[in-house]
Amino acid sequence: MDISRRTALKLKPIALSGIALSTLFFSAYSFAGEWRGFSQAQARSFFNDPMQTTPNNTPTDNQYISLMLQPEYYTDWDEGSQSFTFVGMIRVDEHDEERSHNDIREFSYLKADVDWELKAGVSRVFWGVTESRHLVDIINQTDFVENPTGDDKLGQPMAQLTLLRDYGNIGLFVLPYFRERTFRGPLGRLGPNVDTENPIYEAKNEEEHGDWAVRWSNSLGPVDIGVSHFDGTNRQPILTFEPVLREIPTIRPRYDLIEQNSIDAQATLGSWIVKTEMLHQSRDREGNGFGFVGGTEYTFVGVLNSKYDITLFNEYLFDDREQQTFQNDLFMGMRFVFNDASSTELRAGTINDMDGEGAIASMELSTRFANFWKVSLLGRMFDDTRLEIPPIDVTVPASISGTTDLLVTTDGETVLATDQDDYVQLTIEHHF
Amino acid sequence: MDKQSWKKSTLSLVLVFASGLLQQNLFAASDPKIDAVMSDLNAKAESFSDVRADITFIQKNEGGAEKVIKVRSYTMRAGKLAKNIIVASFPPDLKRISRLAHGSETGVDELWVFQPKNRRVKHLSPQSNATYFLGTEFTMEDWDVQQPQNLFKYDLRYLSSEGCGEQGEAQTQQCYVIERIPKSKFSGYSRQVMWIDSKLLRTYRIDFYDKQAVFVKTLRFDDYREYAGKYWRPSVLYMINKKTGGTTRAIWTNYQFNNGFVATAFDPINLDRYSLMQTSLKEDPIDDEDAGQLPMEVNQMIEASKSILNSLMKAIKSLGN
């Protein structure tokens, strides 16, 4: 039983009772609710065979077709002060059974008053200002199998109280249930083959360990700043070989308890935007760590007397916490907007490791046609990218290194490599 | 008169003449016509607290087909400053994308954009005022254009008076022709010339000149109607962009004044929630002319994308050889 079904089953009673309750509650009102959303066909083609061998030694054809549907429903009443939002998603992949997954991204009720708001249910919250990496965005778990950039997030059950005050906004978050990160299956690509059936939790009550967070944000002149504190289970797992009661060790995700303090700030200074995110994380188990992303954004509006805008991004990434991809990296990105009423846009970016250990480059062109259709073409390349697995006592058998894209380096470290995963992706969406 | 009094009177004559000349040079600050226009507009500005409207843009690029974009606009006034939210509603992939602007004394508006895909509210640089809005010929700063109350953001100069009126009608109204120069250095324009009628202070036309003082755009206001017994608003704005060769027709409907908007609704932290609100009014039904022009079956979509990818892969591989 794959992880998505396991999590979905646990959410089912909550969702069902929520639906029942809301139907009773809402039937008393007549409201103009709205359905919206999109369906998607996505084709991925990988240039190379995977480093791994698949079970039964049958290689896939390096092409993956998947279909996705994201329905959304929204309604409000009481002059907009009360509202309900639903966002769901389901994806079906032709080869990867873990990529075939579904999620309730949002299922929440919102009550808004003049100086406070209360949100309850499953929802998504975004914290952050940087482009290359959303370092401090911790509330929601990353749906990694959906998108390897980490831009897509799983829904998080929560109760959120926001107080709007003169000295800023205070957000209080109670996060009663933990969502595990999604990873590809044995037949999938991009990222390691993680044994999501056997996670390791530092918290005794595992996913039912309640987490909480608090955030203050305000605008002071040209500076927007947010300061946050999070206490609970780390959304980012440490990948480790701790064996289960089986003969073959697998890569298991370990979710440690952490306390994290972070600052995110942006200064709008004339044509320049300067931004930063930084965090300090402390763990009972492994000690402290510090992460930082900082950079600039500059937009050339109407270049060469045209309608085109070009925005240039530069960011530096640092992270000394355990098992991080971006320990000392430089990001350079560009966004080219055609302003042509079809929302045609070209995005390109590279992240280069300053220690000479790897690079990722992406380019994406997207546009709309016939009002309801969006098409995008994406290319992504990996060069020598690595991720360390904590060293283990047991020798990694060839059958494991085959299925998990592992490398054992000359100094005995076990390292993940994704060099074989360069790909091209075509996405066609129908919006309604 | 004796010699002394001749000198005195000559001197006083010269002084009067000189001060007259000085008055001419300062008329930008003390021109009674500009003062009258400004005080009239200021009186009008304070008389409504908020307004909302639906806008349908019909964009036509040079030699291209027409494209429709629909948005809702909400404006709230506090004295002479205004806050405005625009929420896109059509095409459906633009739904909920919203822009928030806070007007400021200096004429440099603060801008935020809400990206529904990842629930992110982004604070933009003031440079973005000169960006074209959703691909139309209107830039973000052109949004102010139909609010004559925002004239404090410009330096004004009276040019002339002439007959004017709506297009296709007899030009029987008396218009002031006023030059206005944006005070903000982030404006995309060096100057603008506006035609505003002297009686009801309705703008009929604005010509725009870019930073190189080249005449680039002209905007016409048509089909003025009276709302709530005193507010005149145009129903059609027609922007012609000589630089790009494109035109945009913006049709404003469903004006509603004094809805009781609260100030917190225009706070950037609430842009997420406010972008969803429909208000109690139903949206205009979607223009379904272009819907379903590509009636591909799902299987066909899969096959098509597979073959596209295959040819792409072949092309890329052959390039590599």
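The values are calculated or read from the model by the stated rules, or taken from the named source; none is laboratory data. Please read these numbers as outputs of a predicted model, since none were measured by experiment. Don't worry about glycine lacking a Cβ; one is built from the backbone with ideal geometry, like all the others, and counts go over all protein chains shown.
Summary of values
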{"quantity": "Residue within the range A:79-101 that is modelled with pLDDT under 90, more than 10 Å from chain B (Cβ to nearest Cβ) and touching a helix residue (DSSP H, G or I) at 6+ places or on another chain (Cβ under 6 Å) present", "calculated": "no"}
{"quantity": "Residue match in the range B:257-267 (condition: under 25 Å from B:Glu166 (Cα atoms), modelled with pLDDT of 85 or more and facing chain A (nearest Cβ under 10 Å))", "calculated": "no"}
{"quantity": "Members of the range A:122-169 that are hydrophobic (A, V, I, L, M, F, W, C) and within 12 Å of chain B (Cβ to nearest Cβ)", "calculated": "A:Val125, A:Phe126, A:Trp127, A:Val129, A:Ile139, A:Leu163, A:Leu164"}
{"quantity": "Of all residues in the range B:195-229 being β-branched (Val, Ile, Thr) and modelled with pLDDT under 90, the one that is farthest from B:Glu179 (Cα to Cα)", "calculated": "B:Thr203"}
{"quantity": "Candidate set from the range B:107-125 (those that are in contact with a strand residue (DSSP E or B) (Cβ under 7 Å, 6 or more places away or on another chain) and at the interface with another protein chain (Cβ under 7 Å from one of its Cβ atoms)); member that is nearest to B:Leu156 (Cα to Cα)", "calculated": "B:Ser125"}
{"quantity": "Neighbours by Cβ (under 8 Å, 6+ apart or cross-chain): first from the range A:327-345, within 12 Å of chain B (Cβ to nearest Cβ) and under 15 Å from B:Glu137 (Cα atoms); second small (Gly, Ala, Ser) and not in a loop (DSSP other than H, G, I, E, B)", "calculated": "A:Ser343/A:Ser366"}
{"quantity": "Complete set of residues in the range A:278-294 that are touching a residue at least 60 places away in the same chain (Cβ under 8 Å) and part of a loop (DSSP other than H, G, I, E, B)", "calculated": "A:Asp284, A:Arg285"}
{"quantity": "Some residue of the range A:315-323 being within 13 Å of another protein chain (Cβ to nearest Cβ) and under 21 Å from the mean Cα position of the chain (by Cα)", "calculated": "no"}
{"quantity": "Among the candidates A:Arg181, A:Arg105, residue that is within 22 Å of A:Asn234 (Cβ to Cβ), buried (at least 21 other Cβ atoms within 10 Å of the Cβ), among the basic types (Lys, Arg) and in contact with a Pro (Cβ under 9 Å, 6 or more places away or on another chain)", "calculated": "A:Arg181"}
{"quantity": "Residues of the range A:295-309 classified as touching a residue at least 24 places away in the same chain (Cβ under 8 Å) and more than 11 Å from chain B (Cβ to nearest Cβ), total", "calculated": "1"}
{"quantity": "Members of the range A:106-121 found to be under 21 Å from the mean Cα position of the chain (by Cα) and either more than 10 Å from chain B (Cβ to nearest Cβ) or among the hydroxyl-bearing types (Ser, Thr, Tyr) (or both), listed by number", "calculated": "A:Phe107, A:Ser108, A:Gly121"}
{"quantity": "Failed criterion for A:Asn339 (all others in (1) within 20 Å of A:Thr130 (Cβ to Cβ); (2) at pLDDT below 95; (3) touching a Gly at 6+ places or on another chain (Cβ under 9 Å) hold)", "calculated": "(1)"}
{"quantity": "Hits in the range A:256-276 - residues which are within 13 Å of chain B (Cβ to nearest Cβ) and assigned to a strand (DSSP E or B)", "calculated": "A:Asp264, A:Ala265, A:Gln266, A:Ala267, A:Thr268, A:Leu269, A:Trp272, A:Ile273, A:Val274, A:Lys275"}
{"quantity": "Given (1) within 23 Å of A:Ile310 (Cβ to Cβ); (2) in contact with a helix residue (DSSP H, G or I) (Cβ under 8 Å, 6 or more places away or on another chain); (3) of a type in the set (Lys, Arg), number of the condition B:Arg157 does not satisfy", "calculated": "(1)"}
{"quantity": "Listing of strands (runs of 3 or more DSSP E) fully contained in the range B:56-120 that carry 1 or more residues being among the charged types (D, E, K, R) and surrounded by 20 or more Cβ atoms within 10 Å (Cβ to Cβ)", "calculated": "B:66-78, B:81-90, B:98-102"}
{"quantity": "Tally, over the range B:121-135, of residues that are in contact with a helix residue (DSSP H, G or I) (Cβ under 8 Å, 6 or more places away or on another chain), of a type in the set (A, V, I, L, M, F, W, C) and in a strand (DSSP E or B)", "calculated": "1"}
{"quantity": "Residue pairs meeting the criteria (Cβ under 7 Å; at least 6 apart or on separate chains; first farther than 30 Å from A:Ala203 by Cβ, in the range A:162-177; second crowded, with 21+ Cβ neighbours inside 10 Å and among the polar types (S, T, N, Q))", "calculated": "none"}
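Yes/no matrix, rows are residues, columns are (1) touching a His at 6+ places or on another chain (Cβ under 9 Å); (2) polar (S, T, N, Q); (3) within 13 Å of chain A (Cβ to nearest Cβ):
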residue: B:Ile58; (1), (2), (3): no, no, yes
residue: B:Glu62; (1), (2), (3): no, no, yes
residue: B:Ala65; (1), (2), (3): no, no, yes
residue: B:Ala78; (1), (2), (3): no, no, no
residue: B:Thr131; (1), (2), (3): no, yes, yes
